[in-house]
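Asker: One structure follows; several queries about it will come next.
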Amino acid sequence: MHRIELTARRQGGSERYGSLADAALRADRKPVPGSDPGEIELRITAEEDFTGVIRIALACPADPSARFFLPGFLYGTNRGDTPLVTDSQSPRLRMREEFPASPWWMVRSDRLSHPCALVFCRGRVTGIAATPYYVYADGVRQGWRPGVRGAFDQYAGFGCSLERGEVWTTLGYENAPWMFLDAHTALPRKPLGENCFHIRKGETVTVRVVCFDLPAEDERGIQPALRWVYGRWHEPPRRRCSVRETVRMIAGAVARDAWLPERHSYAGFVFDRGGRFEYRPLPSITWTNGLSAAVPMLLSAHRLGDADMRAQALDCIGHIVAHSLNERSGLPYLTEEDGVWSNRGWWYDRQRTPGHAAYLVGQSVYLILKAYACERARGTEHADWLAFAGQVLRQTEQSRNTDGEYPYIFSETTGAGLEYDSFSGAWCMAAAAYYCELTGERAFLPGLLRSERWYHEAYIRHGECYGGPLDIDKNVDSEGILSYIRAVRHLHAIGAGDPETLLDHLRDALEYEFTFKFCYNSPIQTPPLSTVGWSSCGGSITSVTNPHVHPMSSSVLDELAYYLHFREDPYIRSRMEDTLLWSCQCHNTFDREFGYGKTGWMSERFCHSEGLLKERYPDGSPASTWFALMPWACGSLLEGLAGEAWDREQES
């Protein structure tokens, strides 16, 4: 039997977890016959009233090289071996406690996308999985599982210890040693209160935990365990709108309420101040504005047959192509303010090195190529768009280091790489691969294949991708992988390299993204998400730094469909269906449905837990979304829904 240790901490007592006997608790345990993986039933009985937290620990190797995975919260060590003094903070794992690092972590279950804690060490994956929360059903308190309907009772918790060599699940929970509200606010460990689990004298609580012990070549060995966890606790998102209805409402709202003709772009934020709109431009050529909104709007315009919507998108794309290029570096400037182009976007003061950011450079070229392909397929050739892309890529393709990695930052004067060690540059790889597919260019392919192998070996196989978006100081995130997914898809479509290896790598990248994607619908307690029926399943946590669900992963629905065209996989198909359904239920279907805005409005922020609860209602109470229309976030949904998802719905 797996080595399970139970300890407890009483409310009002020491912070240390002690024996069950000290807490007047006793436990009986037995294996569940025929279970695979091993399942253990624990019956915990209180000999006097108990209020506190009970920790169920599974022993794993106490090894400094151990790599822990609490999906959506902790990956490896969350770069605990790198410098801690950064602007954006996240939980780090290292042997010495030194904020924001600690040898151990405990967290409420809803900070995780899957109810499990896993560790890779010495060629094996061990781990523990258990219910994410408890309900009262048929008058009995029990762990939630699909099919159980009852009144919400209490969250569970999960955690790990590098020092002790353990992974944990808990009855009740703690956020300890700190709880990160966001990347700049960490709250200290709180005294036990509403996070306690209550057992009356003489009451017995039955708990089932699942224990994993699997051979593994590397960190990708966590994936069979996560597939199993998904199968046990998967709960589909609600069905709200069709693809066509969603595209029509969201794209219609962006075109109607966010277009700023004098800026040749959309507003970054639109606020409804009692019928009067307030605009925050947030200028950027992509990522949080510009092409990330305009290109999905172009795709939507063609689907909807809306000439005015298309004209807006063409204006934005054409303006960027005609005016953004920095002639000295051969790369596009990243933002325009009062007619002046520069690289000083809203993120500029968070960069350690000034210059052109590869995240935006590569993404902008990729999206221009996507717009070019969309227009060309409908009979309109934009030769200047293709020429712009080719000119930029000839510069970025010269910038790799000897490993094959693209820069994080390019020089503003020469276009040379100034800083590396990040996943950001994979957007340049995606853009170059797409360019080769569209034009037949083959000179780039040897370098692209070398880069693809490097990113897979250095980042993806270790399950710790970092250095994507510019606002999180190279912390671990889910956004960066979306560029690699696109790159591998296009390399495979070209016929470059070994096709089966590329499909394997595409699967690995998709499965990494799935670690951030909720497999069940969390019992959210904060409005408006708690009151509108919003589903978390199918949405992806942004990063270990920004603890909210955002829509960016919906943009790769086409890539999911592409993989399934070559390899049928029920698990990946179900994940794609989750993403599709989730994408069709995040917007207002009528005015103020989410507590703000007009029909079709949607923000980027969906607070699935205690993290990022910073928006406030007029009475000061917290809100679980941002009260603003955000066109780039809408664009992430539209890019996915206006592609193959649209075609599949029409065919069905």
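Asker: Peptides 297-308, 181-192, 430-441: what's the order by average Cβ count within 10 Å, highest mean first?
Answerer: Result, highest mean first: 430-441, 297-308, 181-192.
Asker: First measure r as the distance between the Cβ atoms of residue 242 and residue 217, then evaluate 1/(1 + (r/R0)^6) with R0 = 60 Å and state the FRET efficiency to the nearest 0.05.
Answerer: 0.90
Asker: Sticking with this structure for a sec: What is the ratio of the Cα radius of gyration of region 453-571 to 2.2 N^0.38 Å, with N the residue count, to two decimals?
Answerer: Relative to the rule-of-thumb radius for its length, region 453-571 sits at 1.15.
Asker: Residue 5 to residue 273: FRET efficiency via 1/(1 + (r/R0)^6), r the Cβ-Cβ distance, R0 56 Å, to the nearest 0.05?
Answerer: Step by step, r from the Cβ atoms, then E = 0.50.
Asker: Over all directions, what mean area does the Cα convex hull of region 158-207 project, stated in square nanometres?
Answerer: If I average the Cα hull's projected area over directions, I get 5.2 nm².
Asker: Around residue 400, with a cut-off of 14 angstrom between Cβ atoms, what is the net charge of the other residues, counting Lys and Arg +1 and Asp and Glu -1?
Answerer: With Lys, Arg at +1 and Asp, Glu at -1, the net is -3.
Asker: Which net charge results when you count Lys and Arg as +1 and Asp and Glu as -1 among the other residues whose beta-carbon is under 13 Å from that of residue 453?
Answerer: Neighbourhood net charge equals -4.
Asker: Here's another thing I want to ask about it. For region 201-300, just say rounded, prolate or oblate: build the C-alpha gyration tensor, square-root its eigenvalues into a ≥ b ≥ c, call rounded for a/c under 1.5, and beyond that prolate if a/b exceeds b/c, oblate if not.
Answerer: In terms of gyration-tensor shape, prolate.
Asker: Another question, then. Of 517/614; 30/190; 370/598, which pairs sit farther than 27 Å apart, going by alpha carbon to alpha carbon?
Answerer: 30/190; 370/598
Asker: Take each uninterrupted DSSP H stretch in the chain, measure its Cα extent along the helix axis, and return the ones at 27 Å or beyond whose mean Kyte-Doolittle hydropathy is at least 0.0.
Answerer: Taking the DSSP H segments of the chain (at least 27 Å long, mean hydropathy at least 0.0), we get 358-377.
Asker: Hey, another quick one. Sort 79-90, 242-253 for me by packing, meaning the mean count of neighbouring Cβ atoms within 10 Å per residue, highest on top. Write out the running numbers ahead of the final one.
Answerer: Numbers: 79-90: 16.1, 242-253: 21.6.
Packing proxy ranking, top to bottom: 242-253, 79-90.
Asker: Would you mind telling me the antiparallel percentage of the DSSP bridges in region 4-233, rounded to 5?
Answerer: 95
Asker: May I ask you to derive the FRET efficiency for residue 189 and residue 383 from their Cβ-Cβ distance with R0 = 45 Å, giving the value to the nearest 0.05?
Answerer: 0.15
Asker: Still on this structure, please answer the following. Name all residues of region 494-515 having a backbone nitrogen under 16 Å from the label point set 7 Å from the Cα of residue 442 along its Cα→Cβ direction, giving them as ranges.
Answerer: 494-498, by backbone N distance to the label point.
Asker: Each label point is 7 Å from the Cα along the Cα-to-Cβ direction; what then is the distance between the points at residue 413 and residue 307, in nm?
Answerer: Roughly 5.1 nm, to one decimal.
Asker: In Å and whole numbers, how far do the C-alpha atoms of region 196-239 stretch along each principal axis, longest first?
Answerer: 47, 36, 17
Asker: Quick check: the distance between the Cα centres of region 322-350 and region 589-637, to the nearest angstrom?
Answerer: 30
Asker: Continuing with the same structure: Starting from the Cα gyration tensor of region 77-160, multiply each eigenvalue by 5, take the square root, and state the resulting semi-axes largest first in whole Å.
Answerer: Working: eigenvalues 211, 50, 17 Å².
Three semi-axes, in Å: 32, 16, 9.
Asker: So for each of 316-322, 230-236, 68-74 I average, over its residues, the number of other beta carbons within 10 Å; can you give me the resulting order with the highest mean first?
Answerer: 68-74, 316-322, 230-236
Asker: With N denoting the number of residues in region 4-233, provide Rg(C-alpha) divided by 2.2 N^0.38 Å, to two decimal places.
Answerer: 0.99
Asker: Please give, to one decimal in nm, the separation of the simple spin-label points placed at residue 338 and residue 421, each 7 Å out from Cα toward the Cβ.
Answerer: 3.7
Asker: Sticking with this one: Would you kindly give the portion of the calculated P(r) for region 231-370 that falls above 20 Å, as a percent of all Cα pairs?
Answerer: 52
Asker: Report the gain in length on full extension from residue 203 to residue 565: 0.36 nm times residue separation, minus Cα-Cα distance, nm rounded to one decimal.
Answerer: Length difference between fully extended and current span is 125.0 nm.
Asker: With N set to the residue count of region 1-129, report its C-alpha Rg divided by 2.2 N^0.38 Å to two decimal places.
Answerer: 1.20
Asker: Can you give the local net charge around residue 261? Use residues other than it whose beta-carbon is closer than 15 angstrom to its beta-carbon, Lys and Arg +1, Asp and Glu -1.
Answerer: Neighbourhood net charge equals -2.
Asker: Quick check for me: using +1 on Lys/Arg Cβ and -1 on Asp/Glu Cβ, what's the dipole size of the chain about its Cα centre, in debye to the nearest 20?
Answerer: 1240
Asker: What is the projected area of the convex hull of the Cα atoms of the chain, averaged over all directions, in nm²?
Answerer: 28.1
Since every read-out is calculated from the coordinates, none of them should be taken as a lab result. This structure is a prediction, so every number in the text was calculated from the model and none was measured. Backbone-built Cβ (ideal geometry, glycine too); neighbour counts: all protein chains shown.
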